[in-house]
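Engineer: Okay, here's the structure, questions in a sec.
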Amino acid sequence: MNTRLTMLALSLALATTSALASDDGKHAKSCFSDFTPMTGDVGEATLPESAPYRVASPRLSQMTIVARDPSQAKRFDSGNYDMHTANETGPDAGRYLFTVYETDRAGIQRTDLRTMQTTTIWASPAAAPALNSHVAFDASRWTPWGSFLTAEESWNDAGQPVSIYGRLFEVTNPLAAPADIRIVHRDIIPRVSHEGLAFDKHKNLYFIDERNGSHIFKYVPLNDRASTGDDYFAAGQTFVLRVGDGKTKEATGQFTWVPLTTPHGTPLPGAPVVTDPNGVRGIDGRATPKLPDFLGTAFDRPEDLEIKTVGEHGRQMLFVATTTNHKVFAIDLARNKVSLYASRNTIDLATGLPVGNTFTNPDNLAIDADGNIYIVEDQPGGVEDVWFSVDKDGDGVAEGIAKWASLSTKGAESTGLYFDRTRPDVAYINVQHPDSGVDRTIMLLAPRKCGEHARHDD
């Protein structure tokens, strides 16, 4: 029978059956984890694009809520839907879903989840390589003060022409009418190829450089009580993660944060600074951590970030997906320790054996209302999977992972899995760059009651 994965004991790593031990679900906030792990691939184009996921629970439903019109007849929509977030605070919290376009003419769309109307609230005034262009928006993150952050997944290596990209932007009034939207380049943040963003409970901002041999960063605002982006980004210090002596790629163990700037955001002596073709200066976040004075630990294609609070004392862990070597890392921010959270050596809870190359190219991460970590692969439709992970003791090492959903759509990948903060039985995921040209936002709905309760009460 279907089981409650969140109640797994460590011994489940040795399980020989796909049926996993569970409780009665009384304490669960959502039923997304009520499923039997899957095996095998869904197969390319075996499901309709409007409902493109094979899911591990027959009680998990899906529906398209946004579908791109490739002709863009009604509104600008350049496609390549990437990460999601919602307005997580304020009087209308949870009403609007924000999605960005990872294209040569980037933009932001907003879906009113009450009316199901989608509007492009901002788009780059020109396509690349124009000097006023914006490209490859990837990140989506709601700020503690109620604004929206995104950033460009594009930055050149040292020795190449200086890019105008690699920027982090804040939409200071994301609920405003499109004509009134204010988007601001926060140039205190070093230039990198951005993807994931995450805030900890102290309002520190974590980000990455999405490239082989690149790094993980932290920005600490000088004013940790800032209530606007203008104040938050006015002054602050950027650090890079160094594990041990920093010389071992993807090392685990104790770490330190190495400063790249002063507490006011001024680059430290020796840190490479570039002036882009628009005349804007900024620290080169890719080149600086490679220098001995600023040496950071290199990771191969760090991508998405999520922060989870573990235990009763508010200890937080930063999770980082690294695509090239098929790994997810857990960074204990209280104990200053990096652990390998999941890899191809992690137990597949469907088989009791190491998952092996079934687990490939972890990219996006997401956390449900019960604190469960989900891992989304960067693979073609037909073989791409979304994995559920189990870490019962909160030590930053998963006891096992389980195949939770698989994408069928030809030419596509999944992006932006996001669990609704106001409705624990709702999640959203994007189907990006399908061969059809019709990017989609899919709403996933979990049952309101789990396990045995569902049988008696539904």
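Every residue, every condition in (1) out of contact with any helix residue (DSSP H, G or I) (no Cβ under 9 Å at 6 or more places or on another chain); (2) in contact (Cβ under 8 Å) with a residue 12 or more places away in the chain; (3) closer than 18 Å to residue 405 by Cβ, yes or no:
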{"position": "343", "(1), (2), (3)": "yes, yes, no"}
{"position": "348", "(1), (2), (3)": "no, yes, yes"}
{"position": "373", "(1), (2), (3)": "yes, yes, yes"}
{"position": "384", "(1), (2), (3)": "yes, yes, yes"}
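Engineer: Tell me whether region 192-205 contains one or more residues that are crowded, with 24+ Cβ neighbours inside 10 Å, modelled with pLDDT of 95 or more and among the aromatic types (Phe, Trp, Tyr).
Structural biologist: No, there is no match, as no residue in region 192-205 is crowded, with 24+ Cβ neighbours inside 10 Å, modelled with pLDDT of 95 or more and among the aromatic types (Phe, Trp, Tyr).
Engineer: Another one. If I filter region 305-346 down to residues being of a type in the set (A, V, I, L, M, F, W, C) and in contact with an Asp or Glu (Cβ under 7 Å, 6 or more places away or on another chain), which single residue comes out as farthest from residue 413 (Cα to Cα)?
Structural biologist: Of everything passing the filter in region 305-346, 333 is farthest from residue 413 (Cα to Cα).
Engineer: Something else about it: Only one of (1) crowded, with 22+ Cβ neighbours inside 10 Å; (2) under 30 Å from residue 250 (Cβ atoms); (3) not hydrophobic (A, V, I, L, M, F, W, C) is not met by residue 134, so which one is it?
Structural biologist: Checking residue 134 against (1) crowded, with 22+ Cβ neighbours inside 10 Å; (2) under 30 Å from residue 250 (Cβ atoms); (3) not hydrophobic (A, V, I, L, M, F, W, C), the one that fails is (2).
Engineer: Which pairs do you get when a residue that is over 30 Å from residue 340 (Cβ atoms), found in region 252-270, comes within reach of a residue that is among the β-branched types (Val, Ile, Thr) and not in a strand (DSSP E or B), reach meaning Cβ atoms under 7 angstrom, with the pair 6+ apart or on two chains?
Structural biologist: 265/188; 268/262
Engineer: So is residue 409 at pLDDT 95 or above, hydroxyl-bearing (Ser, Thr, Tyr), in a loop (DSSP other than H, G, I, E, B) and surrounded by fewer than 23 Cβ atoms within 10 Å (Cβ to Cβ) or not?
Structural biologist: No.
Engineer: Just name the residue that is nearest to the chain's Cα centre (by Cα) out of those in region 209-225 that are closer than 19 Å to residue 317 by Cα and aliphatic (A, V, I, L, M).
Structural biologist: The residue in question is 216.
Engineer: Scan region 292-322 for residues that are aliphatic (A, V, I, L, M) and touching a His at 6+ places or on another chain (Cβ under 8 Å) and report the count.
Structural biologist: The number of residues fulfilling the criteria is 1.
The values are calculated or read from the model by the stated rules, or taken from the named source; none is laboratory data. Here the structure is a predicted model, which is why all the values come from computation and not from measurement. Backbone-built Cβ (ideal geometry, glycine too); neighbour counts: all protein chains shown.
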